[in-house]
């Protein structure tokens, strides 16, 4: 799929605009959710935290390790990682609104000494070489204007033997269709690759795949559950943002999952730094 032309400033502006309504929808998380089936009644917030748990397990994080959350969103995943593992987490995002919301969330949890957030672009990170033991990239690399450059930066800031936990959309096949490419491109999602495509991109940057799990049917295959979650907060969204904003939220979700069903998967993977 062709790379998006949307740069970090424009992407930051988009997330600045959507941060408040996203926080209402999924309480500190920007990524998707995992349900075991249509009969699973787990709330969206907890179903989303399952994704964080899966990438933590794949990375095998240990107390005291230094973790970069590259594209940290509204901050809850970094807090969950720190609490579950004892790691120290630094989150970066191009959205100042997300930094502000995440920093407030860490302060409320009294974890600001263990977790911090700052506005930065993962294409040009403000950290020395070998600063981190692990990187989380949760639905963030899909936005990179230059995926090769983004992966080189992650490689640079990782210590030898460090690893990346990837949570990302995947094409079910190369023949997923131009309709998917155009739709996702308009959202700024320009790097939707097959699983083999992700493996090849990471290999080019000096990583080897260690583990991957395809979760698509339990993530993209659960579109009606996201609509149900949106309807459950309708009154709150209308009161805070207006009817038009709510209609945009529900309509956007419906279109997103309609176009994705059966064409787009969802992978949780771990890659290890093997050179450099």
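A few remarks follow.
- Residue count for segment 82-126, restricted to those that are free of Cβ contacts under 8 Å to residues at least 60 places away in the same chain, within 14 Å of the chain's Cα centre (by Cα) and either under 19 Å from residue 60 (Cα atoms) or not in a loop (DSSP other than H, G, I, E, B) (or both): 2
- In this structure, residue 116 does not qualify as buried (at least 20 other Cβ atoms within 10 Å of the Cβ) and at pLDDT 95 or above.
- Number of residues in segment 193-205 that are touching a residue at least 40 places away in the same chain (Cβ under 8 Å) and either in contact with a strand residue (DSSP E or B) (Cβ under 8 Å, 6 or more places away or on another chain) or surrounded by fewer than 18 Cβ atoms within 10 Å (Cβ to Cβ) (or both) equals 6.
- Filter pass, residue 208 being within 30 Å of residue 133 (Cβ to Cβ), exposed (fewer than 15 other Cβ atoms within 10 Å of the Cβ) and in contact with a strand residue (DSSP E or B) (Cβ under 8 Å, 6 or more places away or on another chain): yes
- Those residues of segment 57-80 which are crowded, with 21+ Cβ neighbours inside 10 Å, touching a helix residue (DSSP H, G or I) at 6+ places or on another chain (Cβ under 8 Å) and in a helix (DSSP H, G or I), in sequence order: 76, 77, 78, 79
- Any hit, segment 37-50, residues being assigned to a loop (DSSP other than H, G, I, E, B) and surrounded by 15 or more Cβ atoms within 10 Å (Cβ to Cβ): yes
The values are calculated or read from the model by the stated rules, or taken from the named source; none is laboratory data. Model, not experiment: these values are computed from the prediction. Neighbour counts run over all protein chains shown; Cβ positions are idealised from the backbone, glycine included.
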